[in-house]
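**Q** Before we start, here is the structure in question, set down as structure tokens.
The values are calculated or read from the model by the stated rules, or taken from the named source; none is laboratory data. None of the values given here were measured: they were computed from a predicted structure. Glycine gets a Cβ as well: all are built from the backbone with ideal geometry, and neighbour counts include every protein chain shown.
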Amino acid sequence: PPAKFIKINEVNKYRDQRVNVKGWVHHMRFQGKDLMLIVLRDGTANLQSILTDRLCHTYDALTLTLESTVSLFGTIKTVIEGKSAPGDHELIVDYWEVISKAPGDSEAVANKASVDSDPSIQYAQRHLLIRGDTESAVLKVRSYSLRAFRVHFHSIGYLEITPPSLEQKIIEGGSSIFSLPYYDAGACLSQSSQLYLESCVPALGNVYTINESFRAEKLITRRHLTEYTHLEVEAGFITFEDLLDMIENAVCGTIDFLLKDPVSRRLIEQLNPGFVTPTRPFMRMRYEDAIKWLNEHEVKRGDGNDFMYGDDIPESPERLMTDTINRPIFLTHFPGPIKSFYMPRSKDDPRVTDSVDLLVPNVGEIVGGSMRISNYEDMLSVFKTAKLNPDDLYWYLDLSKYGAFPHGGFGLGVERFLAWITNRYSVLDCCLYPRFPGNCKP
Ligand code: 4AD
Ligand code: MG
């Protein structure tokens, strides 16, 4: 008899009805020779399915392998209390077919990859590993997070922009650029969409983008990718205080949204039990006080000396401080020389800039942001100091000429945000196919 083809996440609408589900054999087990259990996975959810008697005596049943594709027909039953099945429903199968048989070594592939310490070997099998419970849960939270960012910025009236990734000039850190041939000139892959976003504000109002950024990092670390997804935001006529609020609202608004939705809430609970929206307002700490904190806690620089005012705070002391304090921290007012050319000096202390990083436990920096210089003369002068050619960035200079305006914004690394909320050790596990030094596969 005909049965409706449904997705597993809709089974609760089909209680006691006959349906058809299709998917992959996620787990399977014989109980005696007359009962076979298949946990079917179709991407939306898993469904425990029960095959009895002649249904599990066939050649197909006896030779079935994990990750084979099957089509099951049967009746959806609510699981009776005391019986254990993943989810609240199970399928009592009355007919089934194999669509495609897998080789049956998928567990071996997964085990082999998971014990290897070389990331390029580990991640070479990621196209199969993402079918696992944990890996797929992280990727689902990623999808929900992207939606949550968009819902948040839409709700406050910011427009989404899709700036190009191929560009002519560089902005953050000249040494980490991917260059490529581009007709008779060269081009490079975008490291940040910030300058393009700034140019949009006078035309479109406040804007944001979720775009790939590329950084030719030299080392494989737990928080650096060579290609990452970058949420960037730019707003006009704001103060530095407004910028901090904007970051806090974006981060907390997104997490609130994720924890309100029953599906993403369950996934986050599975990956990071007990995770809640952080308390607001976030703790604030000036760069200067972070240097003091490190010295008071006897955290040393790589060369064994004390940290000094003006030093860049590297990844591991930064994370140590954040893990010790164990809550999000706005680290503000970095000295001019260690920050980007476009960051303006603070009014109350010209040694420092109106800049901010958001640090979170387990990861460290997830957001970098600042106010932007808006005065034309000031911009020309920092161009000189940074040895930037005004002719190359003529269009960016025009911003402070044709109607300069106070503005600021920030960039959030999506994989780092995910490593935080899903409690992953490495950003490599927070994207589909991580790009890291030496690796571009699958
Ligand atoms: O601090 P960054 O370099 O700042 C900018 O690019 C600014 N233009 C952003 C802006 O104001 N619009 O990068 C911003 C964030 C970092 O805080 C970090 O979360 C992430 O991007 N990030 C990386 N994530 C993964 N792999 C890398 N190699 C990353 N580099 C930066
Ligand atoms: Mg930064």
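**Q** Name the pairs: first residue in segment 367-390 and within 16 Å of Ala404 (Cβ to Cβ) and free of Cβ contacts under 8 Å to residues at least 60 places away in the same chain, second residue part of a helix (DSSP H, G or I) and among the β-branched types (Val, Ile, Thr), Cβ to Cβ under 9 Å, at least 6 apart or on different chains?
**A** Ile373/Val382
**Q** Go through segment 219-241 and give me each residue that's of a type in the set (Asp, Glu) and either in a loop (DSSP other than H, G, I, E, B) or within 15 Å of the chain's Cα centre (by Cα) (or both).
**A** Within segment 219-241, Glu227, Glu232 qualify.
**Q** Shifting gears a bit: Could you give every pair whose Cβ atoms fall below 9 Å, whose first residue belongs to segment 303-321 and is in the same structural domain as Ala290 (by TED's automatic domain parsing), and whose second residue is among the polar types (S, T, N, Q) and part of a loop (DSSP other than H, G, I, E, B), counting only separations of at least 6 or pairs across chains?
**A** These pairs meet every condition: Arg319/Asn362.
**Q** Can you tell me how many residues within segment 341-362 are within 16 Å of ligand 2 (Cβ to nearest atom) and part of a loop (DSSP other than H, G, I, E, B)?
**A** Summing the residues that are within 16 Å of ligand 2 (Cβ to nearest atom) and part of a loop (DSSP other than H, G, I, E, B) in segment 341-362 gives 4.
**Q** In addition: Does segment 346-357 include one or more residues that are aliphatic (A, V, I, L, M), modelled with pLDDT of 95 or more and closer than 19 Å to Thr221 by Cβ?
**A** For segment 346-357, residues aliphatic (A, V, I, L, M), modelled with pLDDT of 95 or more and closer than 19 Å to Thr221 by Cβ: absent.
**Q** So in segment 426-442, with the set limited to residues that are part of a loop (DSSP other than H, G, I, E, B), farther than 26 Å from Thr332 by Cα and not basic (Lys, Arg), which one is modelled with the lowest pLDDT?
**A** Filtering segment 426-442 for residues that are part of a loop (DSSP other than H, G, I, E, B), farther than 26 Å from Thr332 by Cα and not basic (Lys, Arg), the one modelled with the lowest pLDDT comes out as Gly438.
**Q** Then there's this: Of the numbered conditions (1) hydrophobic (A, V, I, L, M, F, W, C); (2) more than 27 Å from the chain's Cα centre (by Cα); (3) not in a loop (DSSP other than H, G, I, E, B), Leu244 satisfies every one except a single condition; which is it?
**A** (2)
**Q** Which one is surrounded by the fewest Cβ atoms within 10 Å (Cβ to Cβ), of the residues in segment 116-161 that are among the polar types (S, T, N, Q) and over 23 Å from Val251 (Cβ atoms)?
**A** Ser117
**Q** Moving on to the next point. Quick one: which residue in Asp184, Asp133 is acidic (Asp, Glu) and farther than 26 Å from Arg265 by Cβ?
**A** Asp184
**Q** When only residues in segment 397-434 that are basic (Lys, Arg) and farther than 19 Å from Thr209 by Cβ count, which is farthest from ligand 2 (Cβ to nearest atom)?
**A** Only one residue tops the list, namely Lys401.
**Q** Of all residues in segment 298-317, how many are among the polar types (S, T, N, Q) and in contact with a strand residue (DSSP E or B) (Cβ under 7 Å, 6 or more places away or on another chain)?
**A** 0
**Q** Does Thr209 satisfy the condition of being away from ligand 2 (no atom under 16 Å from the Cβ), part of a strand (DSSP E or B) and polar (S, T, N, Q)?
**A** In short, yes.
**Q** Something else about it: Which number in (1) over 33 Å from the mean Cα position of the chain (by Cα); (2) of a type in the set (Val, Ile, Thr); (3) within 16 Å of ligand 2 (Cβ to nearest atom) marks the one condition that Thr385 misses?
**A** (3)
**Q** Please go through (1) of a type outside the set (D, E, K, R); (2) in contact with a helix residue (DSSP H, G or I) (Cβ under 6 Å, 6 or more places away or on another chain); (3) not in a loop (DSSP other than H, G, I, E, B) for Phe275 and return the number of the only condition it doesn't satisfy.
**A** (3)
**Q** Do you know which of the residues in segment 171-188 that are of a type in the set (A, V, I, L, M, F, W, C) and modelled with pLDDT under 85 is farthest from ligand 2 (Cβ to nearest atom)?
**A** Ala185
**Q** I'd like to verify a number: residues in segment 10-28 that are basic (Lys, Arg) and more than 35 Å from the chain's Cα centre (by Cα), how many?
**A** Result for segment 10-28: 2.
**Q** Restricting segment 365-397 to residues that are in a loop (DSSP other than H, G, I, E, B) and of a type in the set (S, T, N, Q), which is farthest from Tyr287 (Cα to Cα)?
**A** Asn389
**Q** Which condition number in (1) touching a Phe, Trp or Tyr at 6+ places or on another chain (Cβ under 8 Å); (2) part of a strand (DSSP E or B) is the one that Ala216 fails?
**A** All conditions are met except number (2).
**Q** Using the structure shown, decide if Asp60 is over 39 Å from the mean Cα position of the chain (by Cα) and outside the structural domain of Leu139 (by TED's automatic domain parsing).
**A** Taking the combined requirement at face value, the residue satisfies it.
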